[in-house]
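The values are calculated or read from the model by the stated rules, or taken from the named source; none is laboratory data. Note that the coordinates shown come from a computational prediction; the quantities given were computed from them, not determined experimentally. FYI the Cβ positions are ideal-geometry reconstructions off the backbone, even for glycines, and counts take in every protein chain you see.
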Amino acid sequence: MAYTYMLECSDGSFYVGSTRNLERRLHEHATGMGAEYTRERLPVRLVWIEEFENVGLAFAREKQVQNWSRKKRLALIAGSYGELPALARKHFD
């Protein structure tokens, strides 16, 4: 199994990552041994997670969510999946 996850940092920003070992990775973030971004914004808390069959799919989802706006990420965290298409940055008529 592999996971894509989102953390909320102490400054209110979000960090999106992916891993094969979620428990270990969350511990790394919480203890300042994770990404430099989260290390400078402790404490962090897990706000969203999605499970995948392989790390390639989890990584692709990570990259997708990293490009989303804050509003779209908040809708994802809230489980408001129906709102996601309307929150896309680009609108085509």
Open item on the list: Need pairs with beta-carbon distance below 6 Å; first residue without any contact (Cβ under 8 Å) to a residue 24 or more places away in the chain and over 10 Å from PHE14 (Cα atoms) and within region 30-50, second outside any loop (DSSP other than H, G, I, E, B) and acidic (Asp, Glu); sequence gap 6+ or separate chains.
Closed with: GLY34/GLU28
TODO: Run ALA86 past the list (1) modelled with pLDDT of 95 or more; (2) over 12 Å from the mean Cα position of the chain (by Cα) and report the number of the one that doesn't hold.
DONE: (1)
- [ ] Determine which member of the set SER18, SER13 is modelled with pLDDT of 95 or more, surrounded by 18 or more Cβ atoms within 10 Å (Cβ to Cβ) and within 14 Å of the chain's Cα centre (by Cα).
- [x] SER18
Task: ARG45, sole failed condition from (1) out of contact with any strand residue (DSSP E or B) (no Cβ under 9 Å at 6 or more places or on another chain); (2) within 15 Å of LEU7 (Cα to Cα) - done: (1)
- [ ] May I ask you to verify whether THR31 is surrounded by 12 or more Cβ atoms within 10 Å (Cβ to Cβ) and either over 13 Å from the mean Cα position of the chain (by Cα) or not hydrophobic (A, V, I, L, M, F, W, C) (or both)?
- [x] no
Open item on the list: Can you tell me which of (1) free of Cβ contacts under 8 Å to residues at least 24 places away in the same chain; (2) in contact with a Ser or Thr (Cβ under 8 Å, 6 or more places away or on another chain); (3) not charged (D, E, K, R) is the one TYR5 doesn't meet?
Closed with: (1)
TODO: Return the residue satisfying two criteria in turn: it lies in region 34-56 and is over 18 Å from ILE77 (Cα atoms) and touching an Asp or Glu at 6+ places or on another chain (Cβ under 6 Å), and of such residues it is surrounded by the most Cβ atoms within 10 Å (Cβ to Cβ).
DONE: GLY34
- [ ] Might you check whether a residue that is among the basic types (Lys, Arg) and within 20 Å of LEU87 (Cβ to Cβ) occurs anywhere in region 19-29?
- [x] no
Task: Cβ pairs under 6 Å, 6+ apart, first in region 56-71 and in contact (Cβ under 8 Å) with a residue 12 or more places away in the chain and closer than 19 Å to GLY82 by Cβ, second assigned to a helix (DSSP H, G or I) and aliphatic (A, V, I, L, M) - done: LYS71/LEU87
